[in-house]
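Quick one: structure below, then a few questions.
The values are calculated or read from the model by the stated rules, or taken from the named source; none is laboratory data. On a predicted model such as this, the values are computed, not experimentally measured, just so you know. Methodologically, a virtual Cβ is constructed for each residue, glycine included, from the backbone with ideal geometry; neighbour enumeration extends over all protein chains shown. Calculation scope for accessible area: heavy atoms of the full protein, side chains included, ligands and nucleic acids excluded. Shrake-Rupley method; radii C 1.70, N 1.55, O 1.52, S 1.80 Å.
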Amino acid sequence: MHAITMLELGGAQRNTIDTVASLDRREFAVALACADEGELLSEARALAGVELFELSHLRREVRPLADMRALSEFRRAIRRFRPEIVHTHSSKAGILGRLAARREGVPIVIHSIHGFGFGPHQPVAVRFAFLAAERLAARWTTAFVAVSRRNLEEGVRLGLFPASRARLIRSGVDLASFAAHRGGDSFRRALGIPTAAPLVVQIACFKPQKAPERFVEAATRLAPRFPTAHFLLVGDGALRGRLERLGRQVGLEGRLHLPGWRRDMPAVLDAATVVTLTSRFEGLPRVLVEALAAGVPVVAMSVDGVSEVIKDGENGFLLPPDDVVGLAGRVGEILGDGALRSRLSASAGENLEEFGRDAMVRKQEELYRELACQAGLR
């Protein structure tokens, strides 16, 4: 049984959906427990051979009464499905799902780290409470999966687990679909973006972690230098109103596009000239792998696992966290130098095999077999 809080459009959610869809049914019976809302829920409902448990009280926010009810829902789902392995993702489902698995006597409990839900962006008391909860849940965890080496090392440093209990398994992407180079022209036409216009793209939820306001700031710096350029923020979330107001204030009407979430990401990236990432923290951003698979150079702030994907000067550029001026400068170099852009694009798709979807699923299956043998289940 896999468990995740919300099936919204995001990397951890895509990772989980792809895993439960692709596990070998000759060897594994599969279930998924999640909240009863989210953009990817309809996709989960359509999965063949996956028993779906929709938990009506599971939400991302800390709500003690609802959280206790969600814990009861988790326990009922476990009693019904009777899994030998519970594999959790995301902070809330990670805590409640592991507690439920412990109370129900599940022999193997795995937790995937897609970035940590706590950090210096939070008040000290909140960060301490989140870290304490993770340390408690770690006691009930058989093994950890980290999508980036940086997250694995951070977990060891924080005392969440020893390195011997953690496995690096990249969050896998359907590389072939992004390398196909289809749909970019029609995507541009739908948004009124000229075919030849430089297009700077960022794909992320509109929440503080992703810092999308930095993208607008960078666009403001680039717009006068590149009067035909357009800027595309794909995503949605609580900061949408602020971003729309900011775009109007800096005079980007008609050039800053916020089309919401899109399901045609290969077409979006086929249309892109350069992709950026302005996040404050990350696990390992799948969108960067997708961009590279599509042959699009990336300019990103070097947080967490980003440097494990982007090789500075080879397939894109890395900037220190918070360096919006530097990010705008590097994007400007790529937009203004066709030879540089071609060189970065030519290297973008190299050495991505470990980030493939099939590699991810097979490595998780190997981990399940190994732990099952250790637990005497095989």
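Could you tell me which residue of region 236-252 is most open to solvent (accessible area, probe 1.4 Å), considering only residues that are in contact (Cβ under 8 Å) with a residue 12 or more places away in the chain and in a helix (DSSP H, G or I)? Walk me through it before giving the result.
As a first pass, look at region 236-252 and keep what is in contact (Cβ under 8 Å) with a residue 12 or more places away in the chain: 236-240, 242-244, 246-247, 250-252.
Filter once more, so that each one left must be in a helix (DSSP H, G or I): 240, 242-244, 246-247.
On the way: ARG240: 49, ARG242: 119, LEU243: 1, GLU244: 77, LEU246: 47, GLY247: 5 Å².
Filtering region 236-252 for residues that are in contact (Cβ under 8 Å) with a residue 12 or more places away in the chain and in a helix (DSSP H, G or I), the one most open to solvent (accessible area, probe 1.4 Å) comes out as ARG242.
How about region 119-128: which of its residues are under 25 Å from PRO285 (Cβ atoms) and open to solvent by 40 Å² or more (accessible area, probe 1.4 Å)? Let's see the steps before the verdict.
So in region 119-128, the residues under 25 Å from PRO285 (Cβ atoms) come out as 119-122, 126-127.
If the condition is that a residue be under 25 Å from PRO285 (Cβ atoms) and open to solvent by 40 Å² or more (accessible area, probe 1.4 Å), then PRO120, HIS121, VAL126, ARG127 are the ones that fit.
Of these, VAL62, VAL86, VAL50, VAL109, which one is more than 24 Å from ARG139 (Cα to Cα) and β-branched (Val, Ile, Thr)? So that I can check it myself, show each step before the final result.
On the way: VAL62 fails: more than 24 Å from ARG139 (Cα to Cα); VAL86 fails: more than 24 Å from ARG139 (Cα to Cα); VAL109 fails: more than 24 Å from ARG139 (Cα to Cα).
One residue alone meets the criteria, VAL50.
Among SER347, SER307, which is polar (S, T, N, Q) and over 29 Å from ALA166 (Cα atoms)? Lay out the reasoning, then the answer.
Values: SER307 fails: over 29 Å from ALA166 (Cα atoms).
Only one candidate qualifies: SER347.
Return the total of residues in region 14-44 being of a type outside the set (Phe, Trp, Tyr) and open to solvent by 20 Å² or more (accessible area, probe 1.4 Å).
Taking region 14-44 first, the residues of a type outside the set (Phe, Trp, Tyr) are 14-27, 29-44.
With open to solvent by 20 Å² or more (accessible area, probe 1.4 Å) added as a condition, the list becomes 14, 21-22, 24-27, 29, 36-39, 42-43.
Number of matching residues: 14.
Here's a follow-up. Using the structure shown, decide if GLN202 is open to solvent by 30 Å² or more (accessible area, probe 1.4 Å), under 16 Å from the mean Cα position of the chain (by Cα) and touching a residue at least 24 places away in the same chain (Cβ under 8 Å). Walk me through how you get there before you give the answer.
Numbers: open to solvent by 30 Å² or more (accessible area, probe 1.4 Å): no; under 16 Å from the mean Cα position of the chain (by Cα): yes; touching a residue at least 24 places away in the same chain (Cβ under 8 Å): yes.
No.
Just to be sure, is PHE281 among the aromatic types (Phe, Trp, Tyr) and open to solvent by 30 Å² or more (accessible area, probe 1.4 Å)? Walk me through it before giving the result.
Working: among the aromatic types (Phe, Trp, Tyr): yes; open to solvent by 30 Å² or more (accessible area, probe 1.4 Å): yes.
Against the criterion (among the aromatic types (Phe, Trp, Tyr) and open to solvent by 30 Å² or more (accessible area, probe 1.4 Å)), PHE281 qualifies.
Looking only at region 205-235, count how many residues are open to solvent by 50 Å² or more (accessible area, probe 1.4 Å) and modelled with pLDDT under 95.
Number of matching residues: 2.
Still on this structure, please answer the following. Considering only residues that are in a loop (DSSP other than H, G, I, E, B) and open to solvent by 30 Å² or more (accessible area, probe 1.4 Å), which ones fall in region 140-182? Don't jump to the end; show me each part of the working.
Taking region 140-182 and keeping what is in a loop (DSSP other than H, G, I, E, B), we get 140-142, 147-148, 158-162, 169-172, 174, 180-182.
The answer is TRP140, THR142, GLY159, PRO162, ASP174, ALA180, HIS181, ARG182.
If a residue must be closer than 20 Å to ILE78 by Cβ and surrounded by 23 or more Cβ atoms within 10 Å (Cβ to Cβ), how many such residues does region 1-13 contain?
Residues in region 1-13 being closer than 20 Å to ILE78 by Cβ and surrounded by 23 or more Cβ atoms within 10 Å (Cβ to Cβ): 6 in total.
Sticking with this one: Condition check: aliphatic (A, V, I, L, M), over 20 Å from the mean Cα position of the chain (by Cα) and surrounded by 13 or more Cβ atoms within 10 Å (Cβ to Cβ). Does ALA197 satisfy that? Steps first, please.
Values: aliphatic (A, V, I, L, M): yes; over 20 Å from the mean Cα position of the chain (by Cα): yes; surrounded by 13 or more Cβ atoms within 10 Å (Cβ to Cβ): yes.
For ALA197, the condition - aliphatic (A, V, I, L, M), over 20 Å from the mean Cα position of the chain (by Cα) and surrounded by 13 or more Cβ atoms within 10 Å (Cβ to Cβ) - is met.
Of the conditions (1) more than 22 Å from the chain's Cα centre (by Cα); (2) under 21 Å from VAL361 (Cβ atoms), HIS111 satisfies every one except a single condition; which number is it?
(1)
Here's something else I'd like to know. Show the residue pairs meeting these rules: Cβ distance below 8 Å; 6+ apart or different chains; first residue within region 358-371 and under 13 Å from GLU27 (Cα atoms); second residue surrounded by fewer than 16 Cβ atoms within 10 Å (Cβ to Cβ) and at pLDDT below 95.
Close Cβ pairs (under 8 Å, with a partner that is surrounded by fewer than 16 Cβ atoms within 10 Å (Cβ to Cβ) and at pLDDT below 95) amount to ARG369/ARG378.
Another question, then. Return the total of residues in region 348-378 being within 27 Å of MET301 (Cα to Cα) and touching a Lys or Arg at 6+ places or on another chain (Cβ under 8 Å). Working first, answer last.
First, the residues of region 348-378 that are within 27 Å of MET301 (Cα to Cα): 348-357, 359-360.
Still in the list and also touching a Lys or Arg at 6+ places or on another chain (Cβ under 8 Å): 354-355, 359-360.
Here the count works out to 4.
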